[in-house]
Amino acid sequence: MMTTKNYMGLRAGVVATLALVLSGCSVALPGGGPPPSFYTLSPKSSFSAEIPTVKWQLVVENPATSGALATQRIALTHDPVQIEYFGGARWTENAPQMVQTLLVESFENSNKIIAVGRQAIGLRSDFNLKSDLREFQAEYDEESAAPVIRVRVNSKIIRQPKRQIVASKTFERKIRADSTGMRDVVKAFDKALGKVLKRIVEWTLITADQANRG
């Protein structure tokens with residue numbers, strides 16, 4: 001006959017064994033594997049010599065975008081109605097925040113504006129730059145195995161404090177990657193976004209300065 005002492009010891013052994021089994025199984029649960037690689041893009045640092053040096057302050061708002069692009073995951077498409085993502089690859093920030101960061105740094109790199117920053121720093125601006133990130137993905141087609149990177153941003157210059165829209169313009173660039181490799185895909189993202197950033201900075205400085213003088 002099993003005594004109470006023996007039963008308790010057996011029960012403790014079963015619990016300990018079960019805990020070890022579950023612990024061993026946890027490493028094989030779905031979703032495991034190597035950590036993702038993180039990628040970032042670069043701001044612009046060269047601009048047209050014709051852009052003016054301005055004395056007003058600018059706030060760069062966080063770009064609006066669709067839920068599919070408001071993520072660190074790097075988007076791709078094989079057809080216009082479905083968004084997918086690269087496995088094992090991420091941006092260092094959510095795409096809209098990364099674009100905002102690069103816009104601020106690009107304006108700073110122009111050395112043509114006395115103050116530029118995000119809304120979060122409490123800068124009292126003369127103008128705000130409000131943007132909509134509409135396309136930011138790798139597009140695969142039948143012409144080539146390497147994708148075309150498409151970046152499209154609509155920007156609005158808003159006069160403060162009345163929130164009056166001064167001007168609105170859409171900027172778009174497409175660059176085909178050199179290969180299907182992730183590094184080449186990211187390099188094409190960098191080139192496409194860089195072209196868009198340069199045009200936004202130059203357009204903003206010229207257009208807002210004309211409005212400020214008018």
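Read the figures in this text as sums done on the coordinates, not as results from a lab. Nothing here was measured: the structure is a model prediction, and the numbers come from that model. With ideal geometry, Cβ positions are generated from the backbone for all residues, glycine too; neighbour counts draw on all protein chains shown.
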Counting only residues 5 or more places away or on other chains, whose amide H sits under 5 Å from the amide H of K44 once H atoms are built in the peptide plane? S106
Using Cβ counts within 10 Å as a stand-in for footprinting exposure, how do K162, K55 rank, fewest first? K162, K55
Would you mind checking which residues have amide H under 5 Å from Y85's amide H? H placed 1.01 Å from N; only 5 or more apart, or other chain. L76
As a footprinting exposure proxy, order R183, R163, R199 by other Cβ within 10 Å, with the fewest listed first. R163, R183, R199
Ranking of R213, R176 by count of other Cβ atoms within 10 Å, fewest first: R213, R176
Phi to ³J(HN,Hα) by Karplus 6.51 cos²θ - 1.76 cosθ + 1.60 over the range 99-116, Hz, x for Gly, Pro: 5, 4, 4, 5, 5, 4, 5, 5, 4, 4, 5, 5, 6, 10, 9, 6, 7, 8
Contact order normalised by residue count of the range 53-213, Cα under 8 Å, 6+ apart, percent: 22 percent
